[in-house]
Structure formats: C-alpha cells, structure tokens
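*Asks:* Below is the structure I would like to discuss, written out as structure tokens.
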Amino acid sequence: MVRVGILGATGYTGVELIRILSNHEDVQIKYLSSQNFNGKKFEDVYPSLKGFCKVELQELNIDDIVENCDVVFTALPSGYAMNIAEKLCNCGVKLIDLGADFRFDDFKTYKKWYETDKDDYGSVSRVYGLPEIHRQEIKNAMVVGNPGCYPTSVILGLAPALKGEIIENHIIIDSKSGVSGAGHSPKLGNMYAECNESIKPYNVAKHRHIPEIEQELSNLNCEDTKVIFTPHLTPMTRGILSTMYCKLKKDISIESLHEIYSEFYKDEYFVKVLDIGEYPSTKSVYGSNFCHIGLEIDKRTGTLIVMSSIDNLVKGASGQAVQNMNIMFGIDEDKGLKMVPVFP
Ligand SMILES: NC(=O)c1ccc[n+]([C@@H]2O[C@H](COP(=O)([O-])OP(=O)(O)OC[C@H]3O[C@@H](n4cnc5c(N)ncnc54)[C@H](OP(=O)(O)O)[C@@H]3O)[C@@H](O)[C@H]2O)c1
C-alpha cells in the first residue's frame, strides 16, 4: 500500500487527485495540507467527495509528512515544492510536483521565467514526468516534475512528427483552455460574466509554458526548436485543444503520416490517434486521462496540421501525476486511471 500526501489539497488539481486516488486500490491517502481549511474533513470542503475522503486537512508540517507518507504530490503554486524536495528525498519520500519547479533540464531556464531566489536544484535530481516520452527515467526517479497542461497536449501531438523528421523547425501553436486551468483562486478575468460567451488570447508570445515546450521539442528534434505559442481562454470549465501548424520537410500522404503516428503510439493506452478525417474535441476526453490526436495535411501549402485534446485537470495534471506515481512504484500504469470520458 502506497501512503500518499497531497499539499495544497483544496485546489482544483488537489481535489482531482483525491477523486482519482479514491478509486485506486494500492493507495492510502494519509496527509492533506491546507492553509485555509485546516481542521476540516476534506469531504466537508468538497461535497462531491462525500463518503470518499474523510481525511482531516492540516497545516503543512514536513516532519508529519515524512513520518506518514511514501510519496507527496505538491498541488501548490510554483516555488513551494523546491523548498521541501531535499528534505523529502533525504528521508526517502518521493515527490511529484504539479507546479513547474522540476520541469526544466537547465535551472537557468526556470529562473528566467519563474520567480525564485535559488540558483540551482541543490542535491535534487529530477525527471520530466511525461510517461509516453520519459518512462524509463521516471521508473527510478525520486522527484518528478509533472508537465504543464498545454505542453502535454503539444508535445504528445508533435513527438511522432519530430522523431520522424517530417516537419521543419518552425512551429505555430494555437491552444484553447477551459477556465479551471487558472486554478480556484478568484481572479476578475475568470469570473463568469467576464469569460462566458467570450474567447480571448492571453500572454501572447510570453506564456510560461513556452520554454517547457521548446525544451522537450528540442530534445525530440535533436536541435534547438522554437515555437510561436498563443494560448486562449475559452468559456468552458475543463479541456485543452491545441492546434499545431508545421511546414512539411517532404511530400507525404496522410495515410503514411497516420501510419507513423499509429506506430509511435501503438503501445500507449492513453494516447489515441483518431482515424483519418476525424478531429479531436475537448468533450471527447472530458474527465479522462486520454489524449486524442487528429491529423490533416494542407497540400496546397505543404503544411501539417496536428490537433490534440486533453482534460487539463486529468492528462494535463492530476491523472498524469497518478500515472507517474504508478510508474515510480512499479504499479500497473493505468491503475486508478481507466476513467471513461464523460459525454455529453
Ligand atoms: N489547474 C490546472 O489545469 C493545472 C494544470 C497543470 C498544472 N497545474 C499546476 O498545479 C498547481 C496547482 O494548481 P491548481 O489549479 O490546483 O491551483 P489552485 O486551485 O489555485 O490550488 C492551489 C492550492 O494551493 C494552496 N495554496 C495557495 N497558495 C498557497 C500558499 N501561498 N502557501 C500554501 N498553500 C497555498 C491553496 O490551498 P489552501 O487555500 O487550502 O491552502 C490552494 O487550494 C499549480 O502550480 C499549477 O500551475 C495546474
């Protein structure tokens, strides 16, 4: 039985972790931290978990965590996990951070895009937690940086084309996300009257997921790869749809392209390459750990168009974090994750 702790348990990714882990037979939720709800039972904060989680929320206490947990999920704003990672590792407790603290191969990149007073990872060695690409490294990891939601949809969408040397090194990415991507802390822009019946771009050409996407695409492409990334906020609760436009290096039929993608993901339970002419939607993966990929070739302009959809809270966060935990503890990778998408 794996003893689990969740820090920042009352946030959207925290409650999603508890929803998923409540149906995971090899896990026991032992520790939940909260600043604002400590002393309350979790099910009293989130009625959707009534009867599933009676664990009491507590102030964050590292000694209690080390005593009671084998693995900790940090569902906190970026910058916190880094303060406790060394202590946890030294005490043999594994860490899966849903924030950005451990996503970067080069700490300087993290320091350039995220506030931090640190200059390096110290004694902590970390792995980028995208199982379909980094499974072998994740197996032996003590610390996993769980990928961001946009990067997950983009990297899974482009990996076969980059590994197949099919596309040029100039990629335009247009992504749309549901409001839960911003977390549950109240912000004017996320209020119903502000975002309902509206779609708007934000952080154009300066979103913090750009360096993460470029890191992983460059690793796959074996050369420095730059992207033009435009995120959009859409009036839905959950879901991410990313559309990538890439110049083709050579003429290729949609049948051959589809074959390359299907072969690349043939052993991947959570990635589904849709039939030729079929396009993904956020609704088709809602509440599940699946990523749906659609392909199209614009022959007139020699452009590959890749479309990729995920649920930002599941494959984009908590589901992927549980997938990583399963790999780190040698548990069947899909355990607790066979949720069927919710439709309609
Ligand atoms: N939402 C997504 O789709 C998504 C996807 C991928 C990655 N992520 C990342 O996952 C992390 C959590 O995101 P989220 O959406 O769950 O955020 P959230 O809904 O805002 O929840 C964060 C939780 O952290 C606790 N917290 C906030 N500030 C804190 C502080 N200063 N000290 C200690 N605890 C604090 C709060 O719990 P209490 O008030 O109970 O203390 C809050 O419930 C973030 O790093 C985010 O970037 C989110």
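*Asks:* Compute the Kirkwood hydrodynamic radius of region 150-312, taking the inverse of the mean of 1/r over all pairs of distinct Cα atoms, and give it in Å to one decimal.
*Replies:* Details: mean 1/r = 0.0616 Å⁻¹.
That comes to 16.2 Å for region 150-312.
*Asks:* Quantify, in whole percent, the carbon and sulfur part of the accessible surface of region 260-343 (1.4 Å probe; protein heavy atoms only). Spell out each step's value before the answer.
*Replies:* On the way: 1740 of 3200 Å².
It is 54 percent, rounded to a whole number.
*Asks:* Also: Under a point-charge model restricted to the Cβ atoms of Lys and Arg (+1) and Asp and Glu (-1), what is the dipole moment magnitude of region 2-124 relative to its Cα centre, in debye to the nearest 20?
*Replies:* 320 debye
*Asks:* Between the DSSP loop rule and a limit of at most 16 other Cβ atoms within 10 Å, which GluC sites (Glu not before Pro) in region 1-94 are left?
*Replies:* Those that pass, being in a loop and sparsely packed, are 25, 59.
*Asks:* Rounded to the nearest 20 debye, what is the charge dipole size of the chain about its Cα centre when +1 sits on each Lys and Arg Cβ and -1 on each Asp and Glu Cβ?
*Replies:* It works out to roughly 620 debye.
*Asks:* Starting from the Cα gyration tensor of region 2-124, take the square roots of the eigenvalues, sort them a ≥ b ≥ c, and report rounded, prolate or oblate (rounded when a/c is under 1.5, otherwise prolate if a/b is larger than b/c, else oblate).
*Replies:* Taking the square roots of the gyration eigenvalues as a ≥ b ≥ c, region 2-124 is prolate.
*Asks:* Using a Gaussian network for the chain with springs between C-alpha atoms less than 10 Å apart, which of these wobbles most: 317, 141, 205?
*Replies:* Highest fluctuation among the options: 205.
*Asks:* Here's a follow-up. Using alpha carbons only, how many angstrom separate the centre of region 22-69 from the centre of region 139-214?
*Replies:* Going from one Cα centre to the other spans 29 Å.
*Asks:* So, one more: Say R0 is 35 Å: what FRET efficiency, to the nearest 0.05, do residue 296 and residue 190 get from their beta-carbon distance?
*Replies:* 0.65
*Asks:* Continuing with the same structure: Tell me which DSSP H helices of the chain clear both cut-offs, 20 Å or more of axial length from alpha-carbon atoms and a mean Kyte-Doolittle hydropathy of at least 0.5.
*Replies:* 149-163
*Asks:* Which is farthest toward the positive dipole end of the chain among 254, 198, 181, measuring Cα position about the Cα centre, with Cβ charges +1 (Lys, Arg) and -1 (Asp, Glu)?
*Replies:* Highest projection toward the positive end goes to 198.
*Asks:* Could you pull out every residue, at least 5 positions away or on a different chain, whose amide H is within less than 5 Å of the one on residue 53? Hs are placed 1.01 Å off N in the peptide plane, and Pro or chain starts have none.
*Replies:* Under 5 Å from the amide H of residue 53 lie the amide H atoms of 43, each far enough along the sequence or on another chain.
*Asks:* Roughly speaking, to the nearest percent, how much of region 2-124's 1.4 Å accessible area is carbon and sulfur?
*Replies:* Carbon and sulfur: 45 percent of the exposed surface of region 2-124.
*Asks:* Also, I was wondering about something else. Accessible area per residue, 1.4 Å probe, Å², for the chain: what's the number?
*Replies:* With all protein chains present, the chain gives 44 Å² per residue.
*Asks:* Further, regarding this structure: DSSP loop trypsin sites (Lys or Arg not before Pro) in region 1-37 with at most 15 other Cβ atoms within 10 Å of their Cβ, which ones?
*Replies:* Here no trypsin sites (Lys or Arg not before Pro) fit, given the DSSP loop and packing criteria.
*Asks:* Something else: Please pull out the direction-averaged projected area of the chain, using the convex hull of its alpha-carbon atoms, in nm² to one decimal place.
*Replies:* Working: hull surface 68.5 nm².
Approximately 17.1 nm², given one-decimal rounding.
*Asks:* For the peptides 282-293, 87-98, 129-140, what is the packing order when you average, over each peptide's residues, the other Cβ atoms within 10 Å and list the highest mean first?
*Replies:* Ranked by mean Cβ neighbours within 10 Å, highest first: 282-293, 87-98, 129-140.
*Asks:* Return the FRET efficiency for the residue pair residue 279, residue 63: r is the Cβ-Cβ distance, R0 is 51 Å, and the value is rounded to the nearest 0.05.
*Replies:* Working: r = 51 Å, r/R0 = 1.00.
That gives a FRET efficiency of 0.50.
*Asks:* Which of the pairs 163/266; 176/247; 112/206; 40/335 have their Cα atoms more than 20 Å apart in this structure?
*Replies:* Values: 163/266 15 Å; 176/247 22 Å; 112/206 12 Å; 40/335 29 Å.
Where the Cα-Cα span goes over 20 Å, the pairs concerned are 176/247; 40/335.
*Asks:* Given the -39500 (n - 2.57) contribution per DSSP H run of 4+ residues, what per-residue ellipticity at 222 nm results for the chain, rounded to the nearest 500 deg cm²/dmol?
*Replies:* -8000 deg cm²/dmol
*Asks:* Once R0 is set to 45 Å, what does the formula 1/(1 + (r/R0)^6) return for the Cβ-Cβ distance between residue 139 and residue 200, expressed as a FRET efficiency to the nearest 0.05?
*Replies:* Plugging the Cβ-Cβ distance into 1/(1 + (r/R0)^6) gives 0.65.
The values are calculated or read from the model by the stated rules, or taken from the named source; none is laboratory data. The shown structure was predicted, so the numbers you read here are calculated from the model rather than taken from an experiment. Here the Cβ is made from the backbone with ideal geometry for all residues, glycine too, and neighbour counts use every protein chain on show. Remember, those area values only see protein heavy atoms, side chains included, never the ligands or the DNA or RNA. Shrake-Rupley method; radii C 1.70, N 1.55, O 1.52, S 1.80 Å.
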